[in-house]
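*Asks:* One structure follows; several queries about it will come next.
Nothing in this text is a laboratory measurement; each read-out follows from the coordinates by a stated rule. In this text, all values refer to a predicted model and were calculated from it rather than measured experimentally. Quick reminder, even Gly has a Cβ in these numbers, built from the backbone with ideal geometry, and neighbours come from all protein chains shown.
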Amino acid sequence: MERARLVRELQAIVGKGNVLHDRASLAVYEYDASLFRGRPDVVAFASTTEQVSQIVKLANREGIPFVARGAGTNLSGGTAPTRGGIIIDLCRMRRILDIDLENQTALVEPGVYNLALQNALAPLGYYYAPDPASQKVSTLGGNVGENSGGPHCLKYGVTSNHVLGAEVVLPDGDVVWFGGSAQDPPGPDLVGLLVGSEGTIGIATKILVRIMRLPEHVVTILAIFNSLEEAGQAVSDIIAHGMIPATLEIMDNLVIRAVEASVKAGYPEDAEAVLIIELDGLADGMDEQAEKIEEICKSNNALSLRRAKDSAERAELWAGRRGAFGAVARLRPSYLVCDGTVPRTKLPDALREVKRVSEKYGLPIGNVFHAGDGNLHPLILFDGRNPEELERVHKAGTEILEAVARLGGTISGEHGIGTEKLKEMRLIFTEDDLEMMRRIKRALDPMDLCNPGKLVPPPIGEASQVQAVH
Amino acid sequence: MRSAEEILKEAGIPARRVEVPGSQEEVASLVALARKDRMRILPLGGGTSIGLAPVPEEGVDLVLDMRGLNTIRELDPGNLNMVVDAGKTIEEINRELAQVGRGFMLPLDPPRCHEVTLGGCYAANSSGPLRHLYGTMRDLALGVKGVNSEGKEVGFGGVTVKNVSGYDLTKFLIGSAGSLAIVTSVALRILPIPDASAMCEISFQRGSDLQGFLRELRGSVLLPSALVVTWKTGDEALKVVIGLEGHPKAVERQGREILDMANRHGGEGQKIEGREAMERGLRNSVDPKRLTSQTMGLKVGVAIAKGLELMLSIEDLAAKGQVEASFSLLAGNGIGFVYATDSSTSVLEEMAKKVREIASEKGGHVVPLFGPRQILLSWGPRMDARLGRKTLKPIKQLWDPEGLLLPLGL
Amino acid sequence: MTEVLKAVYDEVAKCNKCGFCQAHCPIFDITRDERNVARGHNAHIKKLIEGELELNEELKDPLFECLLCRSCVANCFPAVRTDRNVVAGRAEYMRRVGQPKIMRFLFHNLLPDQRKMAKYVRLGAYGKNSGMTKLVRALGILKWFGKDLDKVEGIIERLPTRYFREIAPSLDLGPREGKPKVAYFVGCGFNFVLPQVSVSTLAVLVHQGIRVDIAENCCCGLPAYGYGDLEAARAIARKNIETLERMDAETVLTECGSCSAFLKDYPELFEDEPSFRERAEALAKKVKGFSEFMQPRLSSMGKAKELLVKVTYHDPCHMSRYQKIVKEPRAILQAIPGVQYVEMPEADRCCGAAGSYNIMHYEQSMAVLAKKMENLKKTQAQILTTECPGCLIQLSYGVRKEKLPVEVIHISQLLERAYLGN
């Protein structure tokens, strides 16, 4: 379809001021927070489900690919188009439509920031459990697309465990509801399929989430160790004692030093590992549990322990962890956040592999990880303007994922596959597995227009249409 | 435990052949064989939710009794997960887990869990009282392995809690009731058995009092593991069974506060200590009291706030039709079980029809778990038909083009 | 690659596209358009440098929609100086495409010459105050107000007939012996629009027995810099540096947050001129904002009358994020007897004035202002204080529009009221 006509038709749907088609505008919609780039042909800001549906129907009529986009903060290339087409920007659909305390649900539009929902719920004594580190900029629509995690997953699960239903614009433009406020909708779990589908089988235009009562009491403990192994062993011991803390986060020395340089959280710069533990629930017995945890840390040679006395101190202890990625970003112009998950007890092995890869490719790598659920985030530092370094970075990333797969883990804990990890999918799935996934895609999007080129690699022999560009 | 033949006979399902595979490979080769002869396949567990699968009137060609696959394949208490064959019963899994180390549990307690197999529980999305705190299969399943309609062995997910690699087929297949793949093993989260357990049993004379109590309890910071309201036609009072687990101090405090709360709302109750008592109490609260060939089991789902009112309306229906029935409401989830027994199948059918009407009016849904064959045959769509046609039908067409597995139920 | 752009290439490359700036940018908060956020600005400049994009209208327009409030910089993990990158983009546009004659006249002829500027502003003021807008438009001075003239006119209620520099000779500036302790830098905002603030500031200084000399400075040059006319900004800066050096005062004081911030940033203008750079650095060390100067000296103000009033404070971008002066104004307000200080939510969120942003981008500016008014209402304060003329004008406008019973004044005016009984 001729571009000018496409622009006119989109303008007729969303209004003239809501369609971007000049080169300068399109140039800032070719990226997200990953290293992948893909230029769209046009960007349309939608404000209603009806508009999204009409845009998708137009795309179907003309055979034009489309990609739904929130804040574009995903780390795997999920919102950058592989074959041009229309970006359907949902950021202006930003209302919290309903909060229903009795039924323990909230209904939101996809452009609502995760943190905005938390802030609306907190005064009512409730919260929404999945709290990814990106929560102040990632939208709930994006959280659904990527099945975002966060530091509280060990105890509370990920986004998928907290989405009850969604209004979905299917790849052919029709609107349906998956799930709803009545739990256990009969049949296969379509909501479970939608969450984490990275925008490839439909666009969520309303999302119904489960909300929970804020825990009565929270205890936050910071422990400093002289080695990652001891910190990891402390984590294993805590769990072996039958406790499931809400959070278990670890940062290594490179990250600690970066954090001290920027946020100054009070970590000793020569410490090898910082472990943050959080317990939540009823106050009764929590102090005893906290003491037990401190004992366990000490028996694993913890250098020092700090327990937060109040919410201000709690914020202080967390400040370092929340600023970790950013602090690391100061060290080199670019960084690649890897995202693998291994069974928790295999973390020390995984970290040894990361170190080996770092030395092999001559790239500094810092580690932040959700020690409780084995999700590690090696941060590979480099200068993105140097193509040779970029190549080494991609190779290093792949080798890390290979090690992760070998240790019985998976290649993406929370950031998704997008375009970035298409080839690594074969590390953990057989061709038969992948074919079943391809058939899901083909069944729901036979024309392959709904965020094409993501999530599932094409069969061997078929060229990938995707090239990672920086 | 009933044999496959008994289950099939009771459910009135004609079957030409019954096999008992002992491994995933066997399942795969049987399916491949079935494919050659275009045989329709029914995977069978304990048959407790056989009503979910829309078995055609002419029956099936090949029944795979999955209970031959019944080992724990991997057990990793340090990492809080395990991989179990689909044919093991939930009760047996828990019995074995309790003996491991400090004692572990799989917090799944669907009705009739001594008969429910893991695979059946997964395929039917069955759950019980403990879902109040621990969630359902979608919160506990980490990965799944199975055989597709072509006889190929496939696997999705893994053993880690965090996993967003590819489409989440571990979740998608939950509730698929044998229509999309045959599940051979599931990777699951396990948890350490809590230090202390107890149970509160409380009676309420009036529904309105009970409603007030439930509202207050649900809106509080207390964290019971289970919250079940149970009664049967003819009962004077509604009984509430509440499971409590955790640190001894927390259990003690919750027991105290809950009984106080109940008193304030006109209820009367007591607390009983001990894990065994709690487990028994919870099981009794959801198992059918009577189970005959003329017993119909229904599962209803509605928004949490409407749960009690829906179940009470269903009781009215039963009373009007003079049907003997028992009711269990998982009051924190809006999920209810209705077990109705009557010598007349058409009376039961009529009741089922009305239950579906009032559930629908309240925005809820009803599915048949088991019952007289006639009711199951004439049930019609077991899910939202329009939704199913748009989304599940195309997937089914590509995954099972020859229609060897059970139909979707649209 | 031109010099202007080359200087910021490393800076734009530091952006790793995490997108966290979206949570802090007041303009992005309204439009949710990637072109209006730091990540987008940096991407534009980078592509401009790398030759991928041309410097056309579509690229330049979003660059001029940035408030330069530095909210992004303050929250950016690698602390990318997006404000500098944006200005470099504007400067490059100006270099290639030029600027409207009126702007060139303003930056090269008026801003550096305070007397000439006063003449032209007076003409505009007559037009406004007597409603002779048509005549004013015909003279072409205020042509740049454009199509929003009707609404924009309301932002400033009335222009004064006497400017501060005309009032100054009649002020009692106290003892004249010794070296001047304070060189008072006259900001254009106070000189031409709010002279009463300057009067109060001087009264407060004189009250402490400080010898104050009024500098014969010209505009600090920030409007030229913000527009991208770096050449004009440098010429102005050189002039001011010379003027202030000659005065040889201990401190250069201004109660205009934008002026003090820009004066302290003069060294950045002279990265390629080491000699001027040194002189700019020497000057920068002497520059103090009002509360920065006053807070350690509050005890020398003597006795105060109890004011019994609820007061809140708005942090001008140039005070908080540019100069990191945050504690001092609050310490002053909390020390005034009788004053009940209440902290405004998001006190440091930009008010939308951003110099002349409210004129050039009226709609956006009003949307940003609306949020500020919402937060102000929550304080239930009777007095809103701040330390910048742009903010004072914008906030007064907001309060007038929403008919709030709030008085908007500078901290110096509140101090005068409390300690000098005026």
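*Asks:* Going by alpha carbons, how many degrees (0 to 90, nearest 10) lie between the helix axis of C:362-379 and the longest principal axis of chain C?
*Replies:* 40
*Asks:* Return the single residue from C:Arg122, C:Arg234, C:Arg297 with maximal mean-square fluctuation; model: Gaussian network over chain C, springs between Cα atoms under 10 Å.
*Replies:* Maximum fluctuation in the GNM of chain C, among the listed residues, is at C:Arg297.
*Asks:* Further question on the same structure: Would you please give the residues with an amide H less than 5 Å from that of A:Tyr126, counting only those at least 5 places away or on a separate chain, with H modeled from the backbone geometry?
*Replies:* HN-HN under 5 Å from A:Tyr126: A:Leu214.
*Asks:* Helix-derived [θ] at 222 nm for chain B: sum -39500 (n - 2.57) over DSSP H runs of at least 4, divide by residue count, nearest 500?
*Replies:* -9500 deg cm²/dmol
*Asks:* Let me ask something else about it. Give me the inter-chain shielding for A:426-439: mean count of other chain Cβ atoms within 10 Å, whole number please. Mind dumping the intermediate values first?
*Replies:* Details: counts 0, 1, 7, 5, 4, 1, 6, 9, 2, 6, 14, 5, 2, 7.
Taking all residues of A:426-439 together, the mean is 5.
*Asks:* How crowded by other chains is B:387-398, given as the mean number of beta carbons from other chains within 10 Å of each beta carbon?
*Replies:* Rounded to a whole number, the mean comes out at 6.
*Asks:* Please compute the modelled spin-label separation between B:Lys353 and B:Lys9, points set 7 Å along Cα→Cβ, answer in nm with one decimal.
*Replies:* The modelled label-to-label distance comes out at 3.2 nm.
*Asks:* If you wrap chain A's Cα atoms in a convex hull and average its projection over all directions, what's the area in nm²?
*Replies:* 22.3
*Asks:* Rg and Dmax of the stretch C:210-270 over Cα atoms: what are they, in angstrom?
*Replies:* 11.6, 38
*Asks:* Let me ask something else. Extending each Cα 7 Å along its Cβ direction at B:Glu402 and B:Leu191, get the distance between those two points in nm, one decimal.
*Replies:* 4.4
*Asks:* Still on this structure, I have one more. Per DSSP H run of at least 4 residues, take -39500 (n - 2.57); add these up for chain C, divide by its residues and hand me the 222 nm value, nearest 500 deg cm²/dmol.
*Replies:* That comes out to -15000 deg cm²/dmol.
*Asks:* For chain A, what is the mean residue ellipticity at 222 nm derived from helices alone (per DSSP H run of n ≥ 4: -39500 (n - 2.57); sum divided by total residues; nearest 500 deg cm²/dmol)?
*Replies:* Value at 222 nm, helices only: -10000 deg cm²/dmol.
*Asks:* What does the charge dipole of the stretch A:96-213 about its Cα centre add up to, to the nearest 20 debye, if the Cβ of each Lys and Arg holds +1 and the Cβ of each Asp and Glu holds -1? Present the calculation step by step, with values, prior to reporting the outcome.
*Replies:* Numbers: 5 positive and 12 negative charges, 94 e Å.
Dipole magnitude for the stretch A:96-213 comes out near 460 debye.
*Asks:* Then there's this: Please list, in chain and number order, the residues 5+ apart from A:Val368 or on another chain whose amide H is under 5 Å from its amide H, with Hs placed from the backbone.
*Replies:* A:His377, A:Leu379
*Asks:* Which entries in the list B:Lys9/B:Lys232; C:Lys6/C:Lys46; C:Lys239/C:Lys286 go over 19 Å, if you measure between the two C-alpha atoms of each? Walk me through the numbers before you get to the answer.
*Replies:* Values: B:Lys9/B:Lys232 28 Å; C:Lys6/C:Lys46 10 Å; C:Lys239/C:Lys286 17 Å.
Pairs exceeding the cut-off: B:Lys9/B:Lys232.
*Asks:* Sorted from largest down, what three extents in whole angstroms do the Cα atoms of the stretch B:196-286 have along their principal axes?
*Replies:* 36, 25, 17
*Asks:* Ok, one more. For chain B, with only Lys/Arg (+1) and Asp/Glu (-1) charged at the beta-carbon, what is the dipole magnitude about the Cα centre, in debye rounded to 20?
*Replies:* Dipole magnitude for chain B comes out near 860 debye.
*Asks:* Compute from the Cα atoms of the stretch C:278-419 the Rg and the Dmax, the latter being the longest Cα-Cα distance, and quote both in angstrom.
*Replies:* 15.6, 49
*Asks:* Which cross-chain or sequence-distant (5 or more) residues have an amide H under 5 Å from the amide H of B:Asn81, H modelled 1.01 Å from N in plane?
*Replies:* Those lying under 5 Å, H to H, from B:Asn81 are B:Asp76, B:Ile190.
*Asks:* Give me A:Thr220, A:Thr159 ranked fewest to most by other Cβ atoms within 10 Å of their Cβ, as a rough exposure proxy.
*Replies:* A:Thr220, A:Thr159
*Asks:* Given the options B:Glu361, B:Glu279, B:Glu153, state which has the largest fluctuation in a GNM of chain B using a 10 Å cut-off (strictly under) for Cα springs.
*Replies:* B:Glu361
*Asks:* Still on this structure, please answer the following. For the stretch B:1-78, place one equal point scatterer on every Cα, skip the solvent, and apply the Debye formula. What is log10 of I(q)/I(0) at q = 0.21 Å⁻¹?
*Replies:* These q points yield log10 I(q)/I(0) values of -0.96.
*Asks:* If you don't mind, another one. Where does helix B:24-36 land angle-wise versus the long Cα axis of chain B, in degrees 0 to 90, nearest 10?
*Replies:* 50
*Asks:* Quick one: of A:Lys454/B:Lys171; A:Lys155/B:Lys271; C:Lys324/C:Lys372; C:Lys17/C:Lys60, which pairs are farther than 22 Å apart, Cα to Cα?
*Replies:* Details: A:Lys454/B:Lys171 20 Å; A:Lys155/B:Lys271 28 Å; C:Lys324/C:Lys372 20 Å; C:Lys17/C:Lys60 20 Å.
Beyond 22 Å between Cα atoms: A:Lys155/B:Lys271.
*Asks:* Work out from phi, with θ = phi - 60° and the Karplus expression 6.51 cos²θ - 1.76 cosθ + 1.60, the ³J(HN,Hα) of each residue of the stretch A:181-190, listed in order in whole Hz, and give x for Gly and Pro.
*Replies:* Those phi angles translate into 7, 8, 6, 6, x, x, x, x, 7, 5 Hz.
*Asks:* Could you order the peptides B:94-100, A:296-302, A:78-84 from most to least packed, using the average number of other C-beta atoms within 10 Å per residue?
*Replies:* Highest to lowest by the protection proxy: A:78-84, A:296-302, B:94-100.
*Asks:* Among A:Pro446, A:Ile55, C:His41, flag the residue with its Cα farthest along the positive direction of the charge dipole of the protein assembly as shown, charges on Cβ as +1 for Lys/Arg and -1 for Asp/Glu.
*Replies:* Looking along the dipole axis, the top candidate is C:His41.
*Asks:* Still on this structure: With the cut-off at 1.5 for a/c, could you classify chain C from its C-alpha gyration tensor as rounded, prolate or oblate?
*Replies:* Because its axes are fairly even, with a/c under 1.5, chain C counts as rounded.
*Asks:* About the Cα centre of the stretch B:210-268, what is the dipole size in debye to 20, counting +1 per Lys and Arg Cβ and -1 per Asp and Glu Cβ, all else neutral?
*Replies:* 140
*Asks:* Still on this structure, please answer the following. Which of rounded, prolate, oblate describes the stretch A:332-406, given a ≥ b ≥ c as roots of the alpha-carbon gyration tensor eigenvalues and a/c under 1.5 marking rounded, otherwise prolate only if a/b is larger than b/c?
*Replies:* Note, shape of the stretch A:332-406 comes out prolate.
*Asks:* Something else about it: Give me A:Lys421, C:Lys6 ranked fewest to most by other Cβ atoms within 10 Å of their Cβ, as a rough exposure proxy. If you can, show how the numbers build up before the last one.
*Replies:* Numbers: A:Lys421 25, C:Lys6 11.
Ascending Cβ contact count within 10 Å gives the list C:Lys6, A:Lys421.
*Asks:* Here's another thing I want to ask about it. Would you mind calculating the relative contact order of chain B from Cα pairs under 8 angstrom and at least 6 residues apart, reporting the percent as a whole number?
*Replies:* With pairs under 8 Å counted, the relative contact order is 18 percent.
*Asks:* Using only alpha-carbon positions, what ratio does the radius of gyration of chain B give when scaled by 2.2 N^0.38 Å?
*Replies:* Values: Rg = 21.1 Å, N = 410, 2.2 N^0.38 = 21.6 Å.
Rg over 2.2 N^0.38 Å, computed on Cα atoms: 0.98.
*Asks:* Okay, moving on. Just to check I understand the Karplus step: with θ = phi - 60° and J = 6.51 cos²θ - 1.76 cosθ + 1.60, what whole-Hz values come out for the stretch C:85-99, glycine and proline as x?
*Replies:* 5, 5, 4, 4, x, 5, 5, 5, 4, 4, 5, 7, 9, x, 9
*Asks:* I'd like the mean, over residues of A:238-244, of how many other protein chain beta carbons sit within 10 Å of each residue's own Cβ.
*Replies:* That average works out to 4.
*Asks:* Considering Cα pairs under 8 angstrom that are at least six residues apart, work out the relative contact order of chain C and quote it in whole percent. Walk me through the numbers before you get to the answer.
*Replies:* Numbers: 661 pairs, mean separation 62.6, N = 422.
Relative CO of chain C lands at 15 percent.
*Asks:* Please turn the phi angles of the stretch A:374-381 into ³J(HN,Hα) values with the Karplus equation 6.51 cos²θ - 1.76 cosθ + 1.60 (θ = phi - 60°), one per residue in order, whole Hz, x for glycine and proline.
*Replies:* x, 8, 10, 10, x, 9, 8, 9
*Asks:* Next question. What base-10 log of the normalised intensity I(q)/I(0) is obtained for the protein assembly as shown from the Debye formula, alpha carbons as equal point scatterers, at q = 0.08 Å⁻¹?
*Replies:* -0.98
*Asks:* From the square roots a ≥ b ≥ c of the eigenvalues of the alpha-carbon gyration tensor of the stretch A:217-322, which class results: rounded (a/c under 1.5), prolate (a/b over b/c), or oblate?
*Replies:* It comes out oblate by the Cα gyration axes.
*Asks:* I've got another one for you. Angle, helix C:389-401 long axis vs. longest principal axis of chain C, Cα atoms, 0 to 90°, nearest 10?
*Replies:* 90
*Asks:* Translational diffusion coefficient, Stokes-Einstein: compute it for the stretch A:96-213 using the Kirkwood radius over C-alpha pairs as Rh, at 4 °C and 1.567 mPa s, and state it as an integer in µm² s⁻¹.
*Replies:* Roughly 92 µm²/s, to the nearest whole number.
*Asks:* Still on this model: Could you work out how far apart the two model spin labels at C:Glu374 and C:Ala7 are, taking each label as a point 7 Å from the Cα in the direction of the beta carbon, and quote it in nm?
*Replies:* About 3.8 nm, to one decimal.
*Asks:* Specify which residue in the list C:Val73, B:Ile335, A:Pro348 is farthest towards the positive end of the charge dipole of the protein assembly as shown, using unit charges on the beta carbon of Lys, Arg (+1) and Asp, Glu (-1), about the Cα centre.
*Replies:* Checked the options; the winner is C:Val73.
*Asks:* Continuing with the same structure: Just the isolated ones, please: cysteines in chain C lacking another cysteine beta carbon under 4.7 angstrom.
*Replies:* C:Cys15, C:Cys18, C:Cys25, C:Cys66, C:Cys76, C:Cys188, C:Cys218, C:Cys219, C:Cys351
*Asks:* For the stretch A:305-324 and the stretch B:113-176, what is the separation of their Cα centres, given in Å?
*Replies:* Cα centres, the stretch A:305-324 to the stretch B:113-176: 37 Å.
*Asks:* Quick check: net charge around B:Leu62, other residues with Cβ under 13 Å of its Cβ, Lys/Arg +1 and Asp/Glu -1? Could you put the intermediate results ahead of the total?
*Replies:* On the way: positive: B:Arg16, B:Arg17, B:Arg35, B:Lys36, B:Arg38, B:Arg40; negative: B:Glu19, B:Glu26, B:Asp37, B:Asp61, B:Asp65.
Here the count lands on +1.
*Asks:* Of the listed peptides B:390-401, A:15-26, what is their order by residue-averaged count of other C-beta atoms within 10 Å, with the highest listed first?
*Replies:* B:390-401, A:15-26
*Asks:* Using only alpha carbon pairs under 8 Å that are at least six residues apart, calculate the relative contact order of the stretch A:96-213 and give it in whole percent.
*Replies:* 33
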